[in-house]
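Down below is the structure, laid out as structure tokens.
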Amino acid sequence: MKYLLPFLILTIAFFPGCLKENNGSPALKKPKAIFCKCQNDTYDKFTKRVEKSYKDSKLSEEKVFYRGKLSDSIIYLYNDYDLLSKEEHYHINIYNDQKLSSYVEIKSIYDDDLKLIKKVHKNYKIDDEGNFKFDKESEESYFYENGLLVKSCGSCACDEFEYNNKGEVIKRTVFSLKGYLFDTYYYEYRQGHKTKEIKEGPDGNIRYVKDYIYDPFWHLIKVKEDDNIIEENKYFFNKLVEKKTYYFGIDPGYYPCQGNYVATYEY
């Protein structure tokens, strides 16, 4: 589901695809840092760095730096079953003496079968004196059939999922909370790896076709959207070390770098 926490708009929206990790590739093995910049920026006008800490093989903290200044800190907490139980998101205003400006708490709730059934988001604003003031609350709910996630709903939309006999998602339908259809996505796989994604609009017209291209070791090396390459990845000793993303949308000026980024991964 595509939900963006309000306080992260400042720090993440600058690089919408750059810092996004591709969990579908087996080669992303707990990087300790990700550094992102414009592909053609020799002066590092826009830079983003995410530093990651791990404890007992689980992600415990992320620190986000924008142009060298700490802008976000995210702490991950786990329950006795090693499942993520809470996230604590702190946003720092880099333009106001590095003061905390907002805080979001996300609690994960599980059923007796240890399946995630709800996420509760609580948003707080922080004044210049450091006082927390409750702002708003939202929820995400998850529903299962035969052990598989079949529906998830947030504050704006719901997703419904259909599977093949291997338990792979082959169709995802996105609609409003009132039931209005937004988009439908279709997926194809080969040996457990996604090879194609087709996005269909509510009018039935195809919005795009994405092809996922792998090397012989099933490392994702390219993503094509229609006739354009929108992502290229490089690997070294079975680890992702560089990702380039390219933007061919209708408004490249909306994003810094015209939407063309390069990310390097440190281990």
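Could you check, for the range 201-212, whether at least one of its residues is in contact (Cβ under 8 Å) with a residue 40 or more places away in the chain and either small (Gly, Ala, Ser) or over 25 Å from GLU88 (Cβ atoms) (or both)?
Yes, the conditions are met somewhere in the range 201-212.
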What residue, among those in the range 68-96 that are in a loop (DSSP other than H, G, I, E, B) and among the hydrophobic types (A, V, I, L, M, F, W, C), is farthest from TYR110 (Cα to Cα)? ILE94
Where in the range 220-267 are the strands (runs of 3 or more DSSP E), entirely inside, with at least 2 residues that are more than 13 Å from CYS36 (Cα to Cα)? 220-225, 228-236, 239-245
Test LYS224 against the stated conditions and say whether it is among the basic types (Lys, Arg) and without any contact (Cβ under 8 Å) to a residue 40 or more places away in the chain. yes
Tell me, please, whether a residue that is among the hydrophobic types (A, V, I, L, M, F, W, C), under 19 Å from the mean Cα position of the chain (by Cα) and part of a strand (DSSP E or B) can be found in the range 199-215. no
Count of residues meeting criterion [more than 26 Å from LYS29 (Cβ to Cβ) and either more than 18 Å from the chain's Cα centre (by Cα) or surrounded by fewer than 15 Cβ atoms within 10 Å (Cβ to Cβ) (or both)] in the range 81-104: 12
Which numbered condition trips up TYR235, out of (1) closer than 27 Å to VAL50 by Cα; (2) surrounded by fewer than 18 Cβ atoms within 10 Å (Cβ to Cβ)? (2)
I need the full set of residues from the range 54-67 which are part of a strand (DSSP E or B) and either crowded, with 16+ Cβ neighbours inside 10 Å or touching a residue at least 12 places away in the same chain (Cβ under 8 Å) (or both), in order please. TYR54, LYS58, LEU59, SER60, GLU61, GLU62, LYS63, VAL64, PHE65, TYR66
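Rule-based calculations on the coordinates, nothing more; no lab input. Everything numeric in this text was worked out from a predicted model, so none of it was measured. Using ideal geometry, Cβ is built from the backbone for each residue, glycine included, and neighbour counts are taken over all protein chains shown.
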